[in-house]
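Beneath this line is the structure, given in structure tokens, with notes to follow.
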Amino acid sequence: MLVSFPGKFRTMTDQTNPLLDRYMAISRAVAGQLDFQQVLQRVAGEIRAVIPYDHMDISVIFADTRDCCAAYEVGVTTGWGEANTPKPIEKSPIRQLLWGEVDHLLTGDAWQDARFHFDGAFDAPIYEARLHSRLHVPFRVHGTIHGALNISSHEKNRYSEQDVAMAREIADLLAPYIYALIRSEEAKKLALSEGAARGREEALRVGALRLTEGMENERKRLGMDLHDQTLADLARVSRQLSHLQRQPSLRASDLAELDVEISTCITELRRIIEDTKPGILELFGFSQAVEAQLERSVASAQPPIRTTVIDNTASLLDIGPEPLRQTLFRIVQEAINNAVKHGRARKIRVSIDTSATHLAVTVEDNGDGPAGAWDRSPGGVDNMRVRARLISAKIDFVRAASEGVTRVIVSLPLAQLTQEETDNDKTSDSTAMDGQGEEAAQ
């Protein structure tokens, strides 16, 4: 930045060459500095050589807070420059100057000068730092005051009008730099404000996206619950009605049994609507919940279906995170319903086993398996695949024709059982959307 010396600097050019060199050194020192404190530190030595001082600061008025000013200090530190926090001009001891009421302020002893002391004045640093002689000149650009150069000494009557003249010329030399820094700070604040606004907008966008994803995941979960439980219950009712239609006469016990089934459907639908958790799973554990599900699913099967639950893990699943247990239970629940509805099974066995690294839950039946290939099976199997991915499990559908059995095997890393529920929830949120893509592909 080049600085021209207008006519008002004639007093400066009338001085000796060493003084002119000082002013030129001040101009060079501030070039390229990016904040007020750096500017002040760079020019402090040169100004001290011209006007000796014990304390010097610059007061800066920002456009967005014209009723406040911030102070930057060298030499003795005071409360004026604490954290460079803007303070009300109306409480400043030099408010007359900052308001433009006077051209400068000069005092031989600020302790006794009434101009620096009034009700509410922030004048304590004058006493605490032992500042007696003081001179103050404004930074003026385009006729507007943007701050002040303030020089103080411990000595009384240290400064004269000649010092004021030199201080004014130094202030006029610094004013363009101060003004440029003020505008730069304002631009930074504006950029930060715009960045914060964009950040809030982006946060709202991401929040809306996550909310939409969460709603979609919840819709999928409710859809799977309705399919796995309510639809299965209604299918049993439908089978019972078909069976009754073939009977020559109806017995009261048959109607009572049908009434029980319908009541069960209503209860289960209410459970889904109220989003309650599987009660037996919570109260008695995974194995008991599976056993209760088996009994319920085959209660009306004709001919009867024998069921077995074998847990070789000493209830290891019951220490796992709740979302994992619920998801695994829903997979087993769907496998059982498939065996009852589509496989024409006569025996269903659920076993829980562990290896060195994995836990496996196997649902085995001696039925026919799905009518078509597993990858072309209806939505229930797709739901099982999605649920397995939610808990980072592997699911296999095996038809062992030589043994006459069908197996659904869910294999889960043992490490999943020790993960915090919050981590599991986060994994579920991120993988649910992947599951949607897979389901759509099938």
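A compact table of results
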| quantity | calculated |
| --- | --- |
| Top-ranked residue of the range 275-288 - restricted to ones that are part of a helix (DSSP H, G or I) and at pLDDT below 90, ranked as nearest to Ala314 (Cα to Cα) | Phe284 |
| Residues located in the range 289-309, provided they are hydrophobic (A, V, I, L, M, F, W, C) and not in a helix (DSSP H, G or I) | Val298, Ala299, Ala301, Ile305, Val309 |
| Exclusive hit being surrounded by fewer than 19 Cβ atoms within 10 Å (Cβ to Cβ) and in the same structural domain as Ser27 (by TED's automatic domain parsing), set Val76, Val60, Val43 | Val76 |
| Residues being within 16 Å of Leu97 (Cβ to Cβ) and surrounded by fewer than 20 Cβ atoms within 10 Å (Cβ to Cβ) - total across the range 133-160 | 5 |
| Selected residue (only one of Ala70, Ala114, Ala110 is without any contact (Cβ under 8 Å) to a residue 40 or more places away in the chain, buried (at least 18 other Cβ atoms within 10 Å of the Cβ) and assigned by TED's automatic domain parsing to the domain that holds Asp163) | Ala70 |
| Members of the range 123-178 that are small (Gly, Ala, Ser), over 21 Å from Arg22 (Cα atoms) and assigned to a helix (DSSP H, G or I) | Ala124 |
| Filtered residue count, the range 310-353, keeping only those that are farther than 19 Å from Phe397 by Cα and assigned to a strand (DSSP E or B) | 2 |
| Residue, surrounded by the most Cβ atoms within 10 Å (Cβ to Cβ), within the range 79-101, restricted to residues that are of a type outside the set (Gly, Ala, Ser) and outside any helix (DSSP H, G or I) | Pro93 |
| Residue in the range 164-180 that is farther than 19 Å from Val30 by Cβ, surrounded by fewer than 21 Cβ atoms within 10 Å (Cβ to Cβ) and among the hydroxyl-bearing types (Ser, Thr, Tyr) present | no |
| Residues (touching a helix residue (DSSP H, G or I) at 6+ places or on another chain (Cβ under 9 Å), closer than 20 Å to Asp172 by Cβ and not in a loop (DSSP other than H, G, I, E, B)) located in the range 45-70 | Gly45, Glu46, Ile47, Ala49, Val50, Met56, Asp57, Ile58, Ser59, Val60, Cys69 |
| Selection count where residues are surrounded by 19 or more Cβ atoms within 10 Å (Cβ to Cβ) and either among the basic types (Lys, Arg) or touching a strand residue (DSSP E or B) at 6+ places or on another chain (Cβ under 9 Å) (or both), scope the range 26-40 | 3 |
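To keep it simple, each residue is scored yes or no on (1) assigned by TED's automatic domain parsing to the domain that holds Asp163; (2) at pLDDT 95 or above; (3) of a type in the set (Gly, Ala, Ser).
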residue	(1), (2), (3)
Leu106	yes, yes, no
Ala121	yes, no, yes
Ala124	yes, no, yes
Ala129	yes, no, yes
Leu135	yes, yes, no
Arg140	yes, no, no
Gly143	yes, no, yes
Ala148	yes, no, yes
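The values are calculated or read from the model by the stated rules, or taken from the named source; none is laboratory data. This one's a predicted model, so the numbers in the text were calculated from it and none came from an experiment. Note: ideal-geometry Cβ built from the backbone for every residue, glycine included; neighbour counts use all protein chains shown.
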